Amino acid sequence: MEILYSPAKINLGLWIIGKRPDGYHEIFTLYHTLDFYDRIIIQEHPFLEIKTSLPEIKQEENIVYKAISLFESYTGIEQNLQVIIEKNIPVGGGLGGGSSNAATVLNYLNKKHGNILPKEKLFEIAVKLGADVPFFLKGGFAIGEGIGEKLTFLPKTLNEEIFIIYPNIKSDTKTVYSKVDKSILTNKGDLNIILSLINEYDIKKLEAYIENKLGDIALDLYPEIKEVYDFLNYLGFSPKVSGSGSCVYVIGKPTEEVEKAAAIKGWRLIKTKLK
């Protein structure tokens, strides 16, 4: 039996550069992994079985099942395993839980079989599974371009404490992207200040310039997200939406007011750090 830990991520910022002929959007984003995880238990089994604490997800639709199936087709090695995913990362919150699960299992299988696939092939599988999956093959701190799969990893990571509020609703990424129009596109040249500040590893300086254009759409679409955002803003924090939502994050520690409000409202408060 193997126990794996699959980290969450946040998008510190996200800018939309344009729309591609295939309908996907070109983005510029800052990925960072968190010290916050799902737990995955893997053991030998007579057949491939994926079990999760979210029973509403059918096995064939589970991204980990798809990842293992692709690994089998690339290597020709049948995987008779039971994979139990204990979900801790909120679903539909913009923290990349499913993508992380898929990448974590892919890395495990490849290592188990003597790194049978080169990094390029593993990356190829990851891209087929989703835009965030390639980042999780390595994790840390990275710039994501293209649809998020063109990655530039930074040599160091940040370690600031952050807190996240999940308003207990799922944000639908496709719906959020469908509302993108030309008025919110960013000229890539305008991001030079971000590129220069990244190399200073000073989150406070960087925070002043961070935006999330996709998050702005999520705020308009989901009143529950906007309620969290407006409340944190009222308290003097600088809240940001992660990815397409629904999680809202703040660099720093929550105050007693935040803790009390989360308890009263039924919001999930996650205290963690960048890692």
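Nothing in this text is a laboratory measurement; each read-out follows from the coordinates by a stated rule. Just so it is clear, the model here is predicted, and its values are computed rather than measured. So basically every Cβ, Gly included, is an ideal-geometry build from the backbone, and we count neighbours across all protein chains shown.
Take the residue pairs 204/273; 128/240; 87/179; 111/204 and return only those whose Cα atoms are more than 26 Å apart.
128/240; 87/179; 111/204
Between region 110-137 and region 154-194, how far is it from one alpha carbon centroid to the other, in angstrom? Measuring centre to centre over Cα atoms gives 24 Å.
Kindly identify region 94-236 as rounded, prolate or oblate by the Cα gyration tensor criterion: order the square roots of the eigenvalues as a ≥ b ≥ c, call it rounded if a/c is under 1.5, otherwise compare a/b with b/c, prolate if a/b is larger, else oblate. Cα axes put region 94-236 in the prolate bin.
Of the complete DSSP H runs in the chain, none spans 27 angstrom or more by Cα along the long axis with a mean Kyte-Doolittle score not below 1.0. With both residues required to sit in the chain, DSSP beta bridges show an antiparallel share near 90%.
Calculate for the chain the 222 nm mean residue ellipticity that helices alone would give, adding -39,500 (n - 2.57) per DSSP H run of length 4 or more and normalising by residue count, nearest 500 deg cm²/dmol. Numbers along the way, then the final one.
On the way: 10 runs with 93 residues, N = 275.
Computed mean residue ellipticity for the chain: -9500 deg cm²/dmol.
Shown here: semi-axes √(5λ) of the Cα gyration tensor in Å, derived from the displayed model; of the candidates (1) 28, 25, 19; (2) 37, 25, 19; (3) 31, 22, 18, it corresponds to (3). Charges were assigned to the Cβ only: +1 to each Lys and Arg, -1 to each Asp and Glu. The resulting dipole of region 1-98 about its Cα centre is roughly 380 debye.
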